[in-house]
Structure formats: C-alpha cells, structure tokens
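Have a look at the structure below, then the notes.
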Amino acid sequence: MKHVVVDLLTDDLVSALKVPHPWFIDEISKSEGTCHISLERHPLPYLCPNCGVESPVYDRRKKIWRHTNVLNMQVILQATLPRVSCASCDNIRLIDVVWARKGAHNTIMFELWVMRALKCQSLNMEKLARNIGGIYRNSISNISRHYDPLLDRNEGFKKEFSNLWLDSQTFIPIDPCSILSSNIVEKLRSFSYRNY
Ligand SMILES: [Zn+2]
C-alpha cells in the first residue's frame, strides 16, 4: 500500500508541475519531509539569455529552488544549468529558466505564495518565516522588496495577484492548475522583463 501512495503522489507531482519543454522531471526522491525533484533538459541547443543567439556550453552550475509545499512537504527543485559562451555578446551567461527569476533561490510560484501569505495573514515577516519553515526572514524581505513595487505600480499584476487564492491549509500551491507554467507566472514574467 505504501508504494501505491508514493506512486500516486509521484504521478500527481508530475502532472501538477507541468514542467515546460524542453525540461522534464528526471527523478523524485523524498527525505525527512522534503521532496526533491530533479529536472533534466532534452539535448536541444542553448540560446544566449541576453541576445538569443545559439551558443555553446561553457560550464555547468547546480542550482536549487524552493517551491510551494505539497502535503506539507517542502519541495525543492534542482537542475544543472549551463553557462553559455556567446560570441555575439562576447560574454558568458547562465541560461534563464522559466520557473524562477534570474538569480532567485525560489520558484516564482513560491514567491507569489509567500507574498500572498504576507498580504492575507497579517503576519510579520519573522512569524511568517517561522510558520513556513526553511526560509529566513531576510529571504521574505527580499521577495517583498521585488514584488511590492509591482503591486504598487502595475495594475495588471495587481489584478492577477489578487485573483490568486490560498488553500485553507495554506501550504499548498496557490494556483490549482499549475505551478510552473500558469497564467500568472507567464504574466509576471512579461511584467518583470518588459514593463518593470
Ligand atoms: Zn548573446
């Protein structure tokens, strides 16, 4: 029976994450209340994140991102990202991933969930960090520093944000449809990179 439960959870995770092509889930493992999801990428050419020119891999860096919890388990995504050497820019750059902001240690959905909790629950950052677990007050502060100006100045983002919902458990993804390629993530990306 235990294996059946684990398999069902794995199937649910695979379908809920909707990892965008060319990425896919390579492995899911669980330990001490944490679910580790390894992402792999189909061997397609890489584009320079700055100019879009196809570029060779220079080296690779292992990255991890905190994601929204599932069944009270912390979820950690991990992937090895290449830095590409762009002849056009004459520079070496880490490729972008669609599920996280550049340089962020959390997925966009996790950050939105934190922001929603911050706004809805009237908790200070210290207490929210304690409730969430595995995150420092400073991380919440950094997240808030990024999204607060968007909420203040961008009506489109504010409207999308207000439509997000928090499950009664509050430790479940805020978007029931998807946690990576959802509408809000797509819109946020466009707001972040074009209008802000
Ligand atoms: Zn370039």
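Toward the positive end of the charge dipole of region 18-76, with +1 on the Cβ of Lys and Arg and -1 on the Cβ of Asp and Glu, the farthest Cα among V75, Y46, P22 is that of V75. Per-peptide packing, taken as the mean over residues of other Cβ atoms within 10 Å, places 23-30, 125-132, 80-87 in the sequence 80-87, 125-132, 23-30 from highest down. For region 132-138, backbone phi angles converted through the Karplus equation (6.51, -1.76, 1.60; θ = phi - 60°) give residue-by-residue couplings of 6, x, x, 9, 8, 4, 4 Hz, Gly and Pro being listed as x.
Any read-out appearing in this document is the output of simple, stated calculations on the displayed coordinates, not a laboratory observation. Here the structure is a predicted model, which is why all the values come from computation and not from measurement. Glycine also receives a Cβ, built like all others from the backbone with ideal geometry; neighbour counts cover every protein chain displayed.
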